[in-house]
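The values are calculated or read from the model by the stated rules, or taken from the named source; none is laboratory data. Worth saying up front: this structure is predicted, and the values here are computed from it rather than measured. In this analysis, Cβ positions are derived from the backbone assuming ideal geometry, glycine residues included, and neighbour counts consider all displayed protein chains. Side chains are part of the model used for accessible areas, which takes the heavy atoms of the whole protein and leaves out ligands, DNA and RNA. Shrake-Rupley method; radii C 1.70, N 1.55, O 1.52, S 1.80 Å.
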Amino acid sequence: MRMQDDKAGGVPIRTVKSFLSKIPSVITGADIVQWLMKSLNIEDQGEAIHLGSLIAAQGYLFPISDHVLMLKDDGTFYRFQAPYFWPSNCWEPENTDYAIYLCKRTMQNKARLELADYEAENLARLQRAFARKWEFIFLQAEAQVKIDRKKDKTERKILDSQERAFWDVHRPVPGCVNTTEMDIRKCRRMKNPNKVKKSVYGISEESQTHSPVHTLAPIAKQPAKEDLKKQITLLNIQLERHCLKMSKVAESKEPNQQRVKRWGFSFDEMLKDPAGREQFLKFLESEFSSENLRFWLAAEDLKKRPLLEVPDKVQETWQEFLAPGAPSAINLDSHSYEITSQNVKDPGRYIFEDAQEHIYKLMKSDSYARFLRSNGYQELLQSKKKGKSLTAKRLGLMQSS
């Protein structure tokens with residue numbers, strides 16, 4: 001608090017220019033070190049850097065362009081964390097909160113908020129873990145993105161960085177120290193055993209055991225009893241709609257607007273949807289590269305086959321996609337091809353995994369991006385939007401009549 005207090009000689013916070021843009025509300029690592037040495041009477045510069053790094057590791061201040069929370073004594077830009085996210089509030093966010101955050105990041109400005117590799121892996125794991133409630137998480141993230149877009153651009157940029165820093169503390173980069181596992185937090189919880197886990201978006205642990213986070217804005221005070229009743233009623237209504245929606249999706253092969261939109265959310269989202277795979281296959285056929293997806297599906301099918309059928313299926317897949325002169329030859333790197341060639345000699349359900357992973361990355365990094373930009377996908381997306389708006393109009397007319 002003293003570091004941010006201008007009247008008490010805090011660290012100078014300023015907006016700096018970078019090329020054609022401005023970077024708001026930043027401080028430099030050198031300024032922080034100098035302030036610590038002067039204000040706390042620290043003579044050793046190394047000690048000041050160490051103390052600043054401990055403060056950064058807890059998330060009270062953070063680098064604006066790095067996920068690693070440590071202090072550098074140079075011109076690196078840092079920003080102060082919002083008091084709401086301070087770890088002294090004994091934060092223990094849920095995985096559903098983290099899932100919403102990562103989901104939201106993928107929907108926002110791709111260039112500025114692109115997921116790091118470890119975050120993309122975490123998102124894939126969370127999608128599997130919360131498969132039953134993923135529709136809720138997706139809709140919640142989508143609603144938050146719409147609200148964020150209404151905010152001032154500068155304010156949104158600062159809030160995005162503060163939220164990112166919060167998760168860098170609670171879901172740190174692999175290899176970094178997880179400060180949230182330190183004993184001091186456990187001691188605080190022992191002093192207040194009735195304290196429930198907090199949600200970044202305002203729902204307590206009890207609510208989250210029944211459904212994902214609903215409230216959009218952070219809530220500082222405990223909600224009134226009437227507000228809780230309203231939330232419970234609304235969540236029950238959403239749950240009924242969700243069950244109905246899932247049953248309808250299962251009954252119909254025709255994808256609705258929400259499903260088509262989700263294909264653009266992630267490559268895995270599209271692959272696990274039969275309608276999405278079908279549309280992607282049509283696109284690949286138009287580019288004369290459908291063998292990639294057909295091989296990937298064949299490798300997936302092999303993993304589910306009974307053991308007695310495995311040798312024949314392996315040979316069939318090898319002859320079609322990988323053998324010399326194969327009718328649907330796929331483009332593999334030499335390393336993956338050599339491994340697969342050796343694996344074929346001892347057939348098993350997972351012998352094509354190296355080749356499958358190579359083809360998966362190839363489709364994800366190349367074909368998938370073009371598919372999302374293709375006329376076919378864009379037309380399908382627009383037609384579903386029009387269909388949705390027409391349905392809404394009809395419902396409005398029925399209600400008014």
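Side notes on the structure shown:
- Considering the stretch 112-123, the residues that are surrounded by 14 or more Cβ atoms within 10 Å (Cβ to Cβ) and at pLDDT 85 or above include one that is farthest from residue 257 (Cα to Cα), namely 118.
- If you go through the stretch 22-41 and keep only what is polar (S, T, N, Q) and within 10 Å of residue 11 (Cβ to Cβ), you end up with 28, 34, 39.
- Restricting attention to the stretch 17-41, the residues that are of a type in the set (A, V, I, L, M), surrounded by 13 or more Cβ atoms within 10 Å (Cβ to Cβ) and not in a helix (DSSP H, G or I) add up to 3.
- Within the stretch 135-146, not a single residue is more than 21 Å from residue 261 (Cα to Cα) and of a type in the set (Lys, Arg).
- Tallying residues that are open to solvent by 20 Å² or more (accessible area, probe 1.4 Å) and in contact with a helix residue (DSSP H, G or I) (Cβ under 8 Å, 6 or more places away or on another chain) within the stretch 358-369 yields 5.
- Taken over the stretch 272-312, the residue count meeting the criterion of being of a type in the set (D, E, K, R) and either under 24 Å from residue 131 (Cβ atoms) or in contact with a strand residue (DSSP E or B) (Cβ under 7 Å, 6 or more places away or on another chain) (or both) is 9.
- Residue within the stretch 341-349 that is closer than 17 Å to residue 292 by Cβ and in contact with a Phe, Trp or Tyr (Cβ under 7 Å, 6 or more places away or on another chain) present: no
- Residue selection: residue 68 fails the criterion of being under 32 Å from the mean Cα position of the chain (by Cα) and not in a loop (DSSP other than H, G, I, E, B).
- Of the candidates 78, 60, 98, the single residue that is closer than 30 Å to residue 262 by Cβ, at pLDDT 90 or above and either touching a Phe, Trp or Tyr at 6+ places or on another chain (Cβ under 9 Å) or surrounded by 21 or more Cβ atoms within 10 Å (Cβ to Cβ) (or both) is 98.
- When each of 137, 158, 219, 147 is tested for being among the β-branched types (Val, Ile, Thr) and at pLDDT below 55, the lone residue that passes is 219.
- Just so you know, in the stretch 51-65 the residues that are of a type in the set (Gly, Ala, Ser) and under 21 Å from residue 40 (Cα atoms) include one that is nearest to the chain's Cα centre (by Cα), and it is 59.
- Filtered residues of the stretch 140-150 (kept if closer than 16 Å to residue 105 by Cβ and either open to solvent by 30 Å² or more (accessible area, probe 1.4 Å) or among the basic types (Lys, Arg) (or both)): 143, 146, 147, 149
- Residues within the stretch 370-399 that are open to solvent by 90 Å² or more (accessible area, probe 1.4 Å) and at pLDDT 80 or above, tallied: 3
- Residue, surrounded by the most Cβ atoms within 10 Å (Cβ to Cβ), within the stretch 124-139, restricted to residues that are farther than 14 Å from residue 268 by Cβ and either under 13 Å from the mean Cα position of the chain (by Cα) or acidic (Asp, Glu) (or both): 137
- Looking only at the stretch 289-336, residues that are over 36 Å from the mean Cα position of the chain (by Cα), surrounded by fewer than 14 Cβ atoms within 10 Å (Cβ to Cβ) and not in a helix (DSSP H, G or I) come to 3 in all.
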